[in-house]
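**Q** Quick one: the structure is below, and I'll ask about it shortly.
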Amino acid sequence: MALTLIAVVLSLVLGHIAPGLAAIRRYGWFTAWLKWLGRWLGGQSAWRGRFGLVIGVGLPVLAVAGLQWLLGDRHYGLPMFVFALSVLVLSWGPRDLDLDVDAVVEARDPAARRAAAAALFPDGGEPTLEGPALVEAVFHCALWRWFGVLFWFLLLGPAGAIGYRLASLAAQGRAQSLLPPVQGEAAKDFLALLNWPVAHLMTLALALAADFDGVLAAWRDWHAQGGWRLDIGFLGAAARASVVCELREEDAYAVDGPAQAPALLELRDAMSLVWRVLLLWLALLALFVVAGFGT
């Protein structure tokens, strides 16, 4: 568990001091793998159905899991640590969330700001500069880029981290376009299943890091509307409620100094809350290490 915490912290530090590492997160190998499978198995029903996702995503994850098992605790766990750190760095991101948020805030004109905001809407949605939509986008990107990878890494090790990343890639973008339609829908359902516990833990941490009553009320109201059971819309509702509370407390709309659009203030506070949630997760992990769990 201690080595897991060190690997997580190192991956965060490396992402900031060595931004060039983002170049290894292109995942061209995964799209090439899906193309090859499509050519080799394209005419077979096993590939065209939902089971084909087990082949496309499951085999690379199985290879990582096998290597993870072989390394085990050999040589005091150092080879396993290096392997886990490498997989975590590969699975993180792929883009740096706080840099993407800074690009939106610091853009010189509305056109440049809208172009920068497109990075916060990776699922192909139309980028918008409205405050509530930007707040939701930041938290959904944080889930997809950081917390989903982190949760499944903590639970299943390197296989969990790479499994989440490949599942998320298969559910959107270029990789999804290479899959049969049935597989694309299966990937979306599988990703929703993987995201559901992570979104709830993020919401709980947000309640502890921000306004507990506001987050609880937003979570309860969202579920009272009878949303889809695996829908994580409650995370966006809780994030919006937290940002409103933060801005009300600091009276951000009335501060002296350079004027900022309300939407940018909401975006700034959303990123600040994401950092708080991440620090709370790491603090909890550190408590587990101190308490001796997972040793």
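**Q** Principal axis extents for the range 140-235, Cα atoms only, whole Å, descending order, please.
**A** Ordered largest first, the range 140-235 gives principal extents of 44, 31, 18 Å.
**Q** Which value, to two decimals, describes the C-alpha radius of gyration of the range 101-147 once divided by 2.2 N^0.38 Å?
**A** Ratio of Rg to 2.2 N^0.38 Å for the range 101-147: 1.07.
**Q** For the pair residue 249 and residue 130, what calculated FRET efficiency results from E = 1/(1 + (r/R0)^6), where r is the Cβ-Cβ distance and R0 = 30 Å, to the nearest 0.05?
**A** Efficiency for this residue pair is about 0.85.
**Q** What distance in nm separates the two pseudo spin-label positions at residue 75 and residue 217, each 7 Å out from Cα along the beta-carbon direction?
**A** My value for the distance between the label points is 5.7 nm.
**Q** Something else: How big is the range 12-70 along each principal axis, measuring the range of its Cα positions in Å and listing the largest first?
**A** Principal axes ranked by extent give 47, 26, 16 Å for the Cα atoms.
**Q** Here's a follow-up. Among 114, 248, which comes first, second and so on when ranked by fewest other beta-carbon atoms within 10 Å?
**A** Starting with the residue having the fewest Cβ neighbours, the order is 248, 114.
**Q** If you average the sequence gap of Cα pairs under 8 Å that are 6 or more apart and divide by the length of the range 2-291, what percent do you get for the contact order?
**A** 21
**Q** Then there is this: In angstroms, what radius of gyration and Dmax does the chain have, counting Cα atoms only?
**A** Rg, Dmax (Cα atoms, Å): 20.0, 66.
**Q** Quick one: plug the Kirkwood hydrodynamic radius of the range 1-109 (C-alpha pairs) into Stokes-Einstein at 10 °C, 1.306 mPa s, and report D in µm²/s.
**A** 95
**Q** Once every DSSP H run of n ≥ 4 in the chain is given -39500 (n - 2.57) and the sum is divided by its residues, what mean residue ellipticity at 222 nm do you get, rounded to the nearest 500 deg cm²/dmol?
**A** Result for the chain: -22500 deg cm²/dmol, rounded to the nearest 500.
Every read-out reported here was derived from the displayed coordinates using simple, explicitly stated rules and does not represent laboratory data. Keep in mind it's a predicted model, so treat the numbers as computed, not measured. Backbone-built Cβ (ideal geometry, glycine too); neighbour counts: all protein chains shown.
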